[in-house]
Amino acid sequence: MRLRIVYSCYGGAHSSPVAAAIHLGLLPRTVVPRKDAFLRLKLFDQTTAEHHGDISHIGVDNLGNEVYALGRGPSGSAMERALMSGVRIAGGSAHNVKVVDTLPTVNLLMRIGGFLSRGFGWVAIGRPIVLYGIRRAYPRLVHLVEEVERNLAEGWPVDMGPGAKGVHGPFCGVPEKTK
């Protein structure tokens, strides 16, 4: 069964497009990429509040699953419920759409840099901060994507959204501090 995998974060400009790129093999898993690799990604440090709720197609993985990025904005889980409702209204099955919350991988530097760059438009100040933060968070993003892939291989046994019950690790709760 082919799925639609939606990596989701607050703004859709940093952790979700990076996770989608890792998933698609556009970024390496064994080394932290240089800053310019992130800047070449579709959506990276590009979206604004006007884009919240827009689902952006990033590509198709090696199993034929469609991979997307979504900025939820302040609506969070309400946005995800609306997405799933829209899938059902359109005649699709919500079981074929998996929303993966990337926010637990986000660190304070990414939040500050993203807020300055995307929220205030102070790109010259915010972008270097968010790039430093994303490089520090990168191993957690790789781990998240690998967990998604394990779940895909197992037939997706658990719900990985932010309201998931019984899911532990990178999919719920407060993110671990970066080292």
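The values are calculated or read from the model by the stated rules, or taken from the named source; none is laboratory data. All values derive from a computational prediction rather than experimental measurement. Neighbour counts run over all protein chains shown; Cβ positions are idealised from the backbone, glycine included.
For the stretch 96-109, does any single residue satisfy the condition of being within 29 Å of ARG34 (Cα to Cα) and either of a type in the set (Lys, Arg) or surrounded by fewer than 17 Cβ atoms within 10 Å (Cβ to Cβ) (or both)?
yes
Among all residue pairs at least 6 apart or on different chains, which show Cβ distances below 9 Å where the first residue, located in the stretch 8-29, is within 16 Å of GLN46 (Cα to Cα) and in contact (Cβ under 8 Å) with a residue 40 or more places away in the chain and the second is basic (Lys, Arg) and surrounded by fewer than 24 Cβ atoms within 10 Å (Cβ to Cβ)?
TYR10/ARG111; PRO17/LYS42; ALA20/LYS42
Would you call PRO74 farther than 22 Å from VAL148 by Cβ, at pLDDT 90 or above and surrounded by fewer than 21 Cβ atoms within 10 Å (Cβ to Cβ)?
Against the criterion (farther than 22 Å from VAL148 by Cβ, at pLDDT 90 or above and surrounded by fewer than 21 Cβ atoms within 10 Å (Cβ to Cβ)), PRO74 does not qualify.
Within the stretch 23-36, count every residue that is buried (at least 17 other Cβ atoms within 10 Å of the Cβ) and in contact with a Leu (Cβ under 6 Å, 6 or more places away or on another chain).
The number of residues fulfilling the criteria is 1.
Assess whether MET84 counts as being of a type outside the set (Asp, Glu), under 14 Å from the mean Cα position of the chain (by Cα) and in a helix (DSSP H, G or I).
no
Within the stretch 49-65, take every residue that is outside any loop (DSSP other than H, G, I, E, B) and among the small types (Gly, Ala, Ser) and give me the one that is surrounded by the fewest Cβ atoms within 10 Å (Cβ to Cβ).
Among those residues, the one meeting the criterion is ALA49.
Are any residues in the stretch 42-84 under 16 Å from ASN96 (Cβ atoms) and either among the small types (Gly, Ala, Ser) or without any contact (Cβ under 8 Å) to a residue 40 or more places away in the chain (or both), and if so, which ones?
HIS57, VAL60, GLY64, MET84
Mind listing whichever residues of the stretch 5-48 are on the phi > 0 side of the Ramachandran plot and either modelled with pLDDT under 95 or part of a helix (DSSP H, G or I) (or both)?
Result: GLY12, LEU43, ASP45.
For the stretch 1-41, name all the residues that are aliphatic (A, V, I, L, M), more than 24 Å from SER117 (Cα to Cα) and under 15 Å from the mean Cα position of the chain (by Cα).
Passing the criteria: ILE5, LEU24.
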